[in-house]
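The values are calculated or read from the model by the stated rules, or taken from the named source; none is laboratory data. Nothing here was measured: the structure is a model prediction, and the numbers come from that model. Cβ coordinates were reconstructed from backbone atoms using ideal geometry, including for glycine residues, and neighbour counts include every protein chain displayed.
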Amino acid sequence: MVKAVIVDVDDTLCLTEAASFALENDVLARMGRPPMSRAVHLSTWGEVLLDAMPHRSPGLDLDRFAALFPIAHQEYLADGRLDVIPPENLAALDRFVLAGRTVMLLSSRTEVEIEHLLAADHVLAGRVTGAYHQGNSRFRKPDPRAFDELLAETGLAPGDCVYVGDSPGDAVAAGGAGIRFIACLQSGVRRLDEFDPIHVTAAVETFPEIVDVIEAWDGA
C-alpha cells in the first residue's frame, strides 16, 4: 500500500509558472530592469529561484532582487494571483486523507515562498501534514538526497511513497531515491517525452487522476 503521497507545488498542486513569470518581471520592473522573455523563464523553470534569476536577467543585483521579491510575493498572494489550488485538487487530497494516506509537500521553494501554504488557516490545513523545502532540507532536486530528511524524519521507506511532480528533475530525484514517480502534465509546460522513462512509473494529464492510479496500484 502507498502510505505517503508526496506532492510538488509548482505546476503540480497549483499552476504557477505563468503567475511566477509575471511576479518576477514585476520585481525586475521595480528595479528598473527590462523584463525577461517567457522563453527564458520556461527554459529555467524548476530551478531554484535565486539560482535561475542571473540567467533570466543577466547582470541582476541578486541581493536587491532577493530583498524586493518577498514584498511582491506577499502582494500577489493577497491579491489571489499566486498559489491558487483548484477545488478538484483539494478533493483529490481529501480522498488520500480518507484512505489513510499521509500527504506531504516537497519543493525547491524557499521557506518564505512556502510558509503560507502551511498556515493554520490555509486550505491545506488538515490535508497536508508537512513540507520539505530549502529551509529544512540540505539537498535540492534533481539530487535524490532531496528526500533524505523526509524519509529520516517520518520513518517511511522509499517503497511506501509516491512522488507527484511536473519536471524531469522531479522524476530523477524520485527515481534515484527509489520512490515511485507520477508525472503530472497538466500545466503543459513539459511533455512526457522530455522525461527519462526509467524514472516514470505513471503519467497523468490532470492532478485528480493520480488518485485512481494509486488506488489501482494498491488493488493490483
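Could you list all residues from the stretch 191-218 that are assigned to a helix (DSSP H, G or I), over 20 Å from Val97 (Cα atoms) and either of a type in the set (A, V, I, L, M) or assigned by TED's automatic domain parsing to the domain that holds Leu42 (or both)?
Residues satisfying the conditions are Leu192, Ile198.
Filter the stretch 77-109 down to residues that are surrounded by fewer than 18 Cβ atoms within 10 Å (Cβ to Cβ) and either part of a loop (DSSP other than H, G, I, E, B) or in contact with a Leu (Cβ under 7 Å, 6 or more places away or on another chain) (or both), then give me how many there are.
Count: 7.
When you look at Ser137, is it assigned by TED's automatic domain parsing to the domain that holds Ala177, surrounded by fewer than 21 Cβ atoms within 10 Å (Cβ to Cβ), of a type outside the set (Phe, Trp, Tyr) and in a loop (DSSP other than H, G, I, E, B), yes or no?
Values: assigned by TED's automatic domain parsing to the domain that holds Ala177: yes; surrounded by fewer than 21 Cβ atoms within 10 Å (Cβ to Cβ): yes; of a type outside the set (Phe, Trp, Tyr): yes; in a loop (DSSP other than H, G, I, E, B): yes.
When the stated conditions are applied, Ser137 passes them.
With within 30 Å of Gly155 (Cβ to Cβ), assigned by TED's automatic domain parsing to the domain that holds Glu205 and under 16 Å from the mean Cα position of the chain (by Cα) as the only criterion, which of Asp10, Asp94 stands out?
Asp10
Looking at this structure, is Ala152 under 15 Å from the mean Cα position of the chain (by Cα), aliphatic (A, V, I, L, M) and assigned to a helix (DSSP H, G or I)?
no
Leu118: farther than 30 Å from Ala78 by Cα, of a type in the set (A, V, I, L, M) and surrounded by fewer than 20 Cβ atoms within 10 Å (Cβ to Cβ), yes or no? It would help to see each step written out before you state the result.
Numbers: farther than 30 Å from Ala78 by Cα: no; of a type in the set (A, V, I, L, M): yes; surrounded by fewer than 20 Cβ atoms within 10 Å (Cβ to Cβ): yes.
Considered against the rule, which asks whether it is farther than 30 Å from Ala78 by Cα, of a type in the set (A, V, I, L, M) and surrounded by fewer than 20 Cβ atoms within 10 Å (Cβ to Cβ), Leu118 comes out as no.
Scanning the stretch 163-207 for residues that are buried (at least 17 other Cβ atoms within 10 Å of the Cβ) and of a type in the set (Lys, Arg), which turns out modelled with the highest pLDDT?
My answer is Arg180.
Within the stretch 40-76, how many residues turn out to be assigned to a loop (DSSP other than H, G, I, E, B), out of contact with any Phe, Trp or Tyr (no Cβ under 9 Å at 6 or more places or on another chain) and under 25 Å from Asp170 (Cα atoms)?
So the answer is 3.
Only one of Gly188, Gly159, Gly175, Gly169 is closer than 14 Å to Asp10 by Cβ and in a helix (DSSP H, G or I). Can you tell me which?
Exactly one of Gly188, Gly159, Gly175, Gly169 is closer than 14 Å to Asp10 by Cβ and in a helix (DSSP H, G or I), namely Gly169.
Does Val112 meet the test of being surrounded by fewer than 18 Cβ atoms within 10 Å (Cβ to Cβ), in contact (Cβ under 8 Å) with a residue 40 or more places away in the chain and part of a loop (DSSP other than H, G, I, E, B)? Lay out the reasoning, then the answer.
Values: surrounded by fewer than 18 Cβ atoms within 10 Å (Cβ to Cβ): yes; in contact (Cβ under 8 Å) with a residue 40 or more places away in the chain: yes; part of a loop (DSSP other than H, G, I, E, B): no.
The answer is no for Val112.
Cβ-Cβ under 7 Å, sequence separation 6+ or interchain: first residue in the stretch 163-184 and more than 18 Å from Asp212 (Cβ to Cβ) and assigned by TED's automatic domain parsing to the domain that holds Val213, partner of a type in the set (Val, Ile, Thr) and surrounded by fewer than 21 Cβ atoms within 10 Å (Cβ to Cβ). Which pairs?
Correct list of pairs: Asp166/Val189; Ala171/Val200; Gly175/Ile198.
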